[in-house]
Structure formats: structure tokens, C-alpha cells
Amino acid sequence: MAMGSNLLAYIPTLNPRHLKWFSHHPNATLCLIPQILAESIYPRLARNMAAMRTSDVVKMIQSLEVVDRILIYDPEDVDLDLTLPHWNEWVASKEDVVEEVVRRHFLPRGARVQFEETWARWDMTAVLAEQPVIPDLVISSSEFGLALLDWAEHESQRSSDWWRRVGAIAESPKEGLLAISYNIHMPNEYETYIFGDPAINRDAGQKGKSCTLHAERAVISFCAKHGKALNGADLYVTTFPCEDCAREVAAAGIKRLFFRDGYSSLNALEVLRVDKVEIVQIREDPESA
């Protein structure tokens, strides 16, 4: 039987996308990055309640007979000599843990690594991935806008959401600062860590239960509670709004939306445009936008 590829992956929980990836590489040797090594690189991964013991993941994969051989990667393992021809070529799943292991341990030893998209896990790279929001975007490097977005960014760090932290500020040209907030889990900030996140049960763009009060909604709610009018106000948000938040921004009468980065949501864009909300991206270097 011909020898297959050498695969490198971090698999805290086995899912069908891993199996599909294996099917593209018959007779492969799979090298698993253990949970303990992944957590030493990114301590936040210790909060992943779904993560299994790496030894149990090995047993599951072995029982399915989808790869020929499984190793658990140990940087101190002298038997895995990456300078030898057999271990010199690798195919790796493209995600943050694997990329960092490759950078630290594989490339310095001369191994050649080809990355493939598996989309089997919500790693930080995927969560924070940005797509173009608007092709004909208004770009600004206003010092005032940069200062407010820096403030909103600082406020966002108060969020307990370790995947995406968002800050928002409402400001009136006439009355000045109206409100500042960040995305908040409810009924308490640790809700999703105690019971899990229900958002995992829906596809991108699909509606469903969420435990998070988005930063934009938090700002609008604060203004409603304290009798502060948002009609004609500006909203500064670190990340481009989702579709639901865009509706509330438009309905509140906000006339200008300033943001720094974001993911594309065509419906959100359309909602804002129909209500004639001006959208401005703030960048320190407008030429890089």
C-alpha cells in the first residue's frame, strides 16, 4: 500500500469536516497537536468546555479507520525528525493553533508545510476574519473619529466575550457624548460559559437565540432609558454592525455610522443605505483601506 500524506491538525472535538479532510488524503499519517500544547500557546482554549482529551480523540479516529497512523505531537520527540525525508513534507489544517505550532517547531527544522482550509473549528482567525464591507466606501482619517474609536476599542475590552469584543459610542454634534458601551452577555456575563452558547446551533446569517446584547443595542437601550435622543446622532463602533443592529441604528434616527473594521453583511448595508445613514470607515492610513 502506498504511503499517504503527513497531516498535522489540532482537533479538540472530532466533527464531519475533519472526516471529509481525511477522505481527501487516503493512507495518511495524522499528527495531532495535544490539548495541553494548544493551551500553552493560547491559554483561552482552556475555557473550551467541549474539548476532549487528546487520547480520546485518538481512539475515536482509530475506531473509524480513516487514517493509517496517528501520532500525538511532542516538540521533544526525537523520533519525529523533521529533517528526514519521510517527515519533511506536511499538509496542515489552516487555523491559528496549527499555524503557530508550524511557525515555532516545524519551519525552524526545515519542514515544508502546505496549509489547507478545513473550517472544522471556530478559531480566532476565522472569527476575526474581515471581508470588504462596501466597494464605494467613504474613508476618513479624522483625528476626532480615531480618538472616539480608540475609546470604544478600550471600552470593548470590558466584554467577557472572548471571541469578539465590540465597543460603541453615541455622540451628538450638539450635545456631545450620549452613551458608551460594549457587547454584554445576559442575564449574566458568564452565561455562555456556564450553559454554552446557543448561537452554535445556527448557520451564519440565520436567526436564533442569542445571549448577547450587542454594543450598538446597549448604547441605544441606554439612551432610551435615560431619555437621550439619538435622532441625528453619530454612532462610532469598532466593528461593522450585524443586520439586526443595523435595523435598530436606522430606526433610532442615527445619521452617521463610523466604524474601524468589520465583516460584510449585505442586508445590514442595505438597511443603512435605505434609511440614508452615512457610513464612514475610519483608518489611520486612508490609503490602506
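Note on Arg109 and Trp122: the extension gain reaches 1.8 nm, defined as 0.36 nm multiplied by sequence separation minus the Cα-Cα distance. Projecting label points 7 angstrom from Cα along Cα→Cβ for Ala147 and Arg273 puts them 3.3 nm apart.
Length available on full extension from Thr13 to Asp81: 0.36 nm per residue minus the Cα-Cα distance, which gives 21.7 nm.
Distance from the alpha carbon centroid of segment 222-242 to that of segment 76-96 works out to 51 angstrom.
Treating r as the C-beta distance of Leu177 and Ala229 and R0 as 22 Å, the FRET efficiency rounds to 0.95. Coupling constants for segment 141-152 follow from the phi torsions by the Karplus curve (6.51 cos²θ - 1.76 cosθ + 1.60, θ = phi - 60°), and in residue order they are 10, 3, 4, 5, x, 4, 5, 5, 5, 5, 5, 4 Hz; glycine and proline get x. Solvent exposure of segment 54-95 amounts to 58 Å² per residue of accessible area, where only protein heavy atoms count and the probe is 1.4 Å. Amide H contacts of Phe115: Ala92, each under 5 Å away and 5 or more positions distant or on a separate chain (H built 1.01 Å from N in the peptide plane; Pro and chain starts excluded).
Extension gain for Asp261 to His24 (0.36 nm times residue separation, less C-alpha to C-alpha distance): 81.8 nm. Highest average first, the peptides 90-102, 164-176 ordered by how many other beta carbon atoms sit within 10 Å of their residues are 90-102, 164-176.
Coupling constants for segment 83-97 follow from the phi torsions by the Karplus curve (6.51 cos²θ - 1.76 cosθ + 1.60, θ = phi - 60°), and in residue order they are 8, 6, x, 5, 9, 8, 10, 9, 10, 10, 6, 8, 7, 4, 4 Hz; glycine and proline get x.
The values are calculated or read from the model by the stated rules, or taken from the named source; none is laboratory data. None of the values given here were measured: they were computed from a predicted structure. Every residue, glycine among them, receives a Cβ derived from its backbone with ideal geometry; neighbour counts consider all protein chains shown. Keep in mind that these areas ignore ligands, DNA and RNA; they rest on the heavy atoms of the full protein, side chains included. Shrake-Rupley method; radii C 1.70, N 1.55, O 1.52, S 1.80 Å.
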